[in-house]
Structures are given as C-alpha cells and as structure tokens.
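Take a look at the structure set out below.
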Amino acid sequence: MLRLSPSQPGETLRHTHQLKMEFAGAESNVATGLSALGNSVRFLSKFPNNTIGDAAIASLQGYGIDCSHIIRGGDRLGTYFIELGHSLRPSKVVYDRAHSAISESSCNDFDWPYLLQGCRYLHLSGITPALSDTCVDVTLDAAKSAQRLGLTVSFDMNFRRSLWQDSTRAGEIFTQLLKTADIAFGNAGVMADVFNQTYDNLAPEAAAAQAARDLSDTYGLIAATTCRQSHSASQNTLSGFIANRNETFRSQTIRVDILDRLGTGDAFASACLDGIIKNKPLKDTVNFANAAFALAHAVYGDPHLSSREDIQAIADGQTGGYILR
C-alpha cells in the first residue's frame, strides 16, 4: 500500500501541509523483515500498471525482494494515512482502499502452482480478505493451493475493525485459514474480537500465553502471540509467546519509548518466521522476535530493516541505548 503521513513527527493530518510518501503493508512488512535477515523472498500481489505501481515495485526491489511475479492491472494502489500519536494522543490510521487493484482481483488472476514454484513458505494476513468478497476467495485459494503443494503456510490474523463490517464473518474466514495454516500469529485482543474468547480473569501476559496455547491446541499449529501493555502512546511494555503442541515459551519483557508503532507486529512475525525457517529452538526464536518487535518501535516507518546483529543485541539484554563508537 501507499503510506502517507505528516512529514514532521507530531503533526496531525488535519493541520499538516506536507505528506511523506512511503510504501508498506502487513505482508510487505513481513517480506521486508525476512529479506533484511537474509532470506530469499518473493512478493505476490496485484498492482496497478501505472507510475504508483512502478514505484511500489521499486521500493520492494530496493529491499532485495523478488517482484517478478507481481500481477499488473486495476486502477489504483490501496492507500492509508497515518497520524503518529504521542503521550496521551493516540496514533490514528485512515484507510482509503476501495477499488484498489488487489480488492478487485479474482482467483483467475493468480496461477498459484506457477507463482509459488520454488517457494517453501507462504505468508498471509487477515487484512486482505477484509477488502472484498473476491479477496476472500483469492486468500483461501492461495492458502489451499499452498497446502496442496506442500508449502508451510503462516497466517497473521491482523484483525482491523474498520475494514470488517461483521466480526462474525471475519471469524468464519479466519477459521478456514487457520485450518490450512502451520503457523499462526495473533494476540488476546483478536481472539476476543473475532472468536469471542475472552481472558478477563487473566493478567495481560497470562492472557497472551493462553491465547497462544488455545490457538495451538485448537488448530494443531505453532502459534505466536504478542503482549502489549500500553502506558501511553509513547511508552509500552512488550513481550511475546510461542506455543507448539507440547510447550509454551515466553520471551523477556522489554519496555520501549515509541517513535512509530505501525508495522511492529510484522517485525515480530518476520523474526519468528526467520527462526522457524532456520530451525532454531522456539525459546530463542520468541526472544529474538520480541527483540525485533521492540526495536521496530524505535525507528520511523513500517518496514523493519534492523540487522540480525542489532536485534540479537537487544535479545541479549543490551537495552541501555548507549552510544556505539
């Protein structure tokens, strides 16, 4: 998507006179994070055959992502506007995604056996099926095709209230996608919003751990969840959990001051996937992923480009922010 935000941090959309133009989105953020960690990544979508579509592809290619299989067509790229919060003023997101190329795509646009040739993993998010009924069909077709082809499927539930008219509908679709998935990402909030599964009697971290446990037990997959304890729009405490059929692992807890929190969950997902791809122990994977999650709050923009060494330093407890000389 096209991301537009006030050019100066702290400005509001209502009062700014200049917008900064970038490209981002849940799936592309994960792709960028994986590429930054040295993985070979292919991006699959439908972009308009115009200058904005060209710029979006150039942006992805700049991160080392294979864009050779992106479908071209349609009239526009989906857009979102971001106003970064501070202190007691929350961040705000305004979506402008109607009639985008991907929202008007169909299953006929995507030859999944060809597009997924040579791939081992397919990552999907719950945002795409929120865009249109045809996007529901495309996302389910992608997941089922990948499953038939023997790929490992990961699914980030990424529930966005403003994009869904009915959370019950989201629950029905998410359930189908979770049944095809081998790896799932979420949090206690999405379990409440989509599946009416509440953890009101549990502390925040216990709720996140139980959400991971419930996802893993229900769908027989690896489930990773985040816990965000918000003290203000500028300061959060973060932790992560990952569960398989036998155990649940908890990361360290990290308190962060926030520059930009958009895309931080995608940083967690990409770092988790990196650990799973490399067959690292799940305890190490969730610690590394939570460090990436935390570090992503300290840079502007959705994509997370921190090096493996920088993330590992945070995972190892180097959170003092000392100057490196």
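Could you please let me know if T198 is among the hydroxyl-bearing types (S, T, Y), more than 24 Å from I276 (Cα to Cα) and not in a helix (DSSP H, G or I)?
Working: among the hydroxyl-bearing types (S, T, Y): yes; more than 24 Å from I276 (Cα to Cα): yes; not in a helix (DSSP H, G or I): yes.
For T198, the condition - among the hydroxyl-bearing types (S, T, Y), more than 24 Å from I276 (Cα to Cα) and not in a helix (DSSP H, G or I) - is met.
I'd like to check something: does region 164-181 contain any residue that is buried (at least 16 other Cβ atoms within 10 Å of the Cβ), out of contact with any Phe, Trp or Tyr (no Cβ under 8 Å at 6 or more places or on another chain) and assigned to a loop (DSSP other than H, G, I, E, B)?
Yes - at least one qualifying residue is present in region 164-181.
Would you please name the residue that is surrounded by the fewest Cβ atoms within 10 Å (Cβ to Cβ), looking only at residues in region 266-315 that are at pLDDT below 95 and out of contact with any Leu (no Cβ under 9 Å at 6 or more places or on another chain)?
Going through the qualifying residues, I end up with L305.
Could you tell me which of the residues S105, S35, S68 is in a loop (DSSP other than H, G, I, E, B), surrounded by 16 or more Cβ atoms within 10 Å (Cβ to Cβ) and at pLDDT 95 or above?
Numbers: S35 fails: in a loop (DSSP other than H, G, I, E, B); S68 fails: surrounded by 16 or more Cβ atoms within 10 Å (Cβ to Cβ).
Among S105, S35, S68, only S105 is in a loop (DSSP other than H, G, I, E, B), surrounded by 16 or more Cβ atoms within 10 Å (Cβ to Cβ) and at pLDDT 95 or above.
From the set of residues in region 12-32 that are touching a residue at least 60 places away in the same chain (Cβ under 8 Å) and not aliphatic (A, V, I, L, M), which is surrounded by the fewest Cβ atoms within 10 Å (Cβ to Cβ)?
Ranking the qualifying residues of region 12-32, first place goes to T12.
Of the residues L60, L84, which is of a type in the set (A, V, I, L, M, F, W, C), touching a Phe, Trp or Tyr at 6+ places or on another chain (Cβ under 9 Å), surrounded by 16 or more Cβ atoms within 10 Å (Cβ to Cβ) and modelled with pLDDT under 95?
Values: L60 fails: modelled with pLDDT under 95.
Only one candidate qualifies: L84.
With respect to T237, determine if the residue is closer than 30 Å to E172 by Cβ and of a type in the set (S, T, N, Q).
Details: closer than 30 Å to E172 by Cβ: no; of a type in the set (S, T, N, Q): yes.
So T237 fails the test.
With the condition kept exactly as written, say whether any residue in region 137-154 is under 14 Å from T225 (Cβ atoms) and crowded, with 19+ Cβ neighbours inside 10 Å.
At the first step, the residues of region 137-154 found to be under 14 Å from T225 (Cβ atoms) are 154.
Subset that is crowded, with 19+ Cβ neighbours inside 10 Å: 154.
Among the residues of region 137-154, at least one is under 14 Å from T225 (Cβ atoms) and crowded, with 19+ Cβ neighbours inside 10 Å, which makes the answer yes.
List the residue pairs whose Cβ atoms are under 8 Å apart, where the first residue sits in region 77-88 and is of a type in the set (D, E, K, R), the second is crowded, with 18+ Cβ neighbours inside 10 Å, and the two are 6 or more positions apart or on different chains.
E83/S5; E83/P6
Can we say I52 is over 20 Å from F155 (Cβ atoms), buried (at least 18 other Cβ atoms within 10 Å of the Cβ) and of a type outside the set (G, A, S)? Step through it out loud before you land on a result.
Working: over 20 Å from F155 (Cβ atoms): yes; buried (at least 18 other Cβ atoms within 10 Å of the Cβ): no; of a type outside the set (G, A, S): yes.
Here the answer is no, as I52 does not meet what is asked.
Has region 5-23 got any residue that is part of a loop (DSSP other than H, G, I, E, B), polar (S, T, N, Q) and within 22 Å of F110 (Cβ to Cβ)?
Filtering region 5-23 for residues part of a loop (DSSP other than H, G, I, E, B) gives 7-18.
Remaining after also requiring polar (S, T, N, Q): 7-8, 12, 16, 18.
If we keep only those that are within 22 Å of F110 (Cβ to Cβ) too, we end up with none.
No, that holds for no residue.
Name the one entry in G64, G78, G126 that is touching a helix residue (DSSP H, G or I) at 6+ places or on another chain (Cβ under 8 Å), small (G, A, S), closer than 30 Å to L305 by Cα and not assigned by TED's automatic domain parsing to the domain that holds L259. Steps first, answer last, please.
Details: G78 fails: touching a helix residue (DSSP H, G or I) at 6+ places or on another chain (Cβ under 8 Å); G126 fails: not assigned by TED's automatic domain parsing to the domain that holds L259.
Going through G64, G78, G126 in turn, the sole match is G64.
Any residue at all in region 47-70 that is of a type in the set (D, E) and more than 26 Å from L273 (Cβ to Cβ)?
Step one: filter region 47-70 for residues of a type in the set (D, E), giving 54, 66.
Cutting the leftovers down to more than 26 Å from L273 (Cβ to Cβ) gives us 54.
Within region 47-70 (the criterion being of a type in the set (D, E) and more than 26 Å from L273 (Cβ to Cβ)), the answer is yes, since at least one residue qualifies.
Hey, among the residues in region 231-265 that are among the hydroxyl-bearing types (S, T, Y) and within 25 Å of A31 (Cα to Cα), which one's surrounded by the fewest Cβ atoms within 10 Å (Cβ to Cβ)?
We begin by selecting, within region 231-265, every residue among the hydroxyl-bearing types (S, T, Y); these are 232, 234, 237, 239, 248, 251, 253, 264.
Next cut, within 25 Å of A31 (Cα to Cα) only: 239, 251, 264.
Working: S239: 22, S251: 27, T264: 26.
Per the stated criteria, the residue is S239.
Find the helices (runs of 4 or more DSSP H) located wholly in region 222-325 whose residues include 1 or more that are basic (K, R) and closer than 25 Å to R120 by Cα, and list them. Lay out the reasoning, then the answer.
Working: elements: 264-277, 282-296, 308-315.
By residue number, 282-296, 308-315.
The values are calculated or read from the model by the stated rules, or taken from the named source; none is laboratory data. Note that the structure is a prediction, hence the values are computed from the model and not measured. When we count neighbours, we look across all protein chains shown, and the Cβ atoms used for this are built from the backbone with ideal geometry, even at glycine.
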